[in-house]
Structure formats: C-alpha cells, structure tokens
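As structure tokens, the structure follows; a few thoughts come after it.
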Amino acid sequence: MIRQQPTDQQMNGPQLDAALRTAAFQAQRLVRTLSMPEADRDDLRQTIVLVVMGKARRFDDTKSSWPTFIALIARHAAADLARRTHRAPVLEPLDGAEYAIADPSAPDQDLRVDIRDAMARLPPALAHLIDLLAETGSVAAAQRKSALSPATFYRRMHDLRMQFLAAGLAPDEKNELSPR
C-alpha cells in the first residue's frame, strides 16, 4: 500500500518549513545566477512554494524522503522559471547593416523576429543544420543527406533545440516554435 504524504491542506509545520527553506534557497540561486533584481526573490520563492504545495500530494514516502522530494520539485520549478524569465542578450546590428521594416499587421511578427534573431546567433554547424532541415523538410531526411554520423547529427539537433530554448523559444503542443 502506498502511503502518500501531505496535501497542501495537510502539510505540517516541519514539512512546510522544509518547503519554505528549499524554495528560498532556489529563489536566491535564481536571483544570483541570472543576475535578477533582489526584489524578485520573494516572488520567485512564493511561486516555487506554490509549485511544491501543488505537487505535495504526489509524495510517496516509500520512494524518497520529504526533503529529497521537495528539493527535486523546487529545483525543477526553478529551472522552469529560469527558462521563462531568461532571454538571450539581443545583439546590436553593426553599422551598415540593413534594417527590415516590420509589417505590424503581419501575424506572429514578434515570433518571426525572435526566430530570425536566434538563427542569426547560431554557430555555422547549426546554421548548416537549419539549411538541411529547410531543404529536406524532415529530420530523418536531413540526417540521411548530411555527411555526419547519426550520433553527431542528433547531438547537433539537441544543441539546436537548446539554442532555441536559450533564446526563449520552445515548441508548443503542435510542435511549432512559440515564445515562452
């Protein structure tokens, strides 16, 4: 029989204290590593505590201890917050660069700009991968057409996904890029 531990209504003093300490630690870590304003620390801590409390009903003391469980949940919540709040720095165009005039009536204009900016910052090997994907229309066909080993190709695909995530772009439920 699985014994589940606290729901947010049943969380006792020591469990709540542990959740608050863990959330405060993760919030401070986010503020420090992402160079965020100190004023954001309490908001981040509260958000992390809410995530921990929301997932507290999933705790199973036969699989882990309470501190281990909340540390994992808080670490994941902090990572999610970091992905949502951290955007890659915008590179300024060099003198003489051409500026495209955006059509404000165009749908998803901001998304197009974000994707274009992310692609402009890609290293040459990943930019070549984008060209292959555009040319072939599928990952499998691009892998076959490339001169790379499958391991190298899929490692670069992973790196490409990480570049887009770092730029604040992630696939949505239709597997299309969308801003986070």
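We did not get these values from a lab; they are worked out from the coordinates using the rules stated. Source: prediction; values computed, not measured.
When the convex hull of the C-alpha atoms of region 13-85 is computed, what volume per residue in Å³ does it have?
79
Report the extension gain between LEU34 and HIS158 in nm, rounded to one decimal, defined as 0.36 nm multiplied by the number of residues separating them, less their alpha carbon distance. Present the calculation step by step, with values, prior to reporting the outcome.
Numbers: separation 124, 0.36 × 124 = 44.64 nm, distance 2.28 nm.
Result for the pair: 42.4 nm of gain on full extension.
³J(HN,Hα) across region 121-133 via Karplus (A = 6.51, B = -1.76, C = 1.60, θ = phi - 60°), whole Hz, x for Gly/Pro?
Using θ = phi - 60°, the values come out as 8, 6, x, x, 5, 6, 5, 5, 5, 4, 4, 4, 5 Hz.
Pull out the extension gain between ALA140 and LEU165, defined as 0.36 nm times the separation in residues minus the alpha carbon to alpha carbon distance; nm, one decimal.
So the extension gain works out to 6.8 nm.
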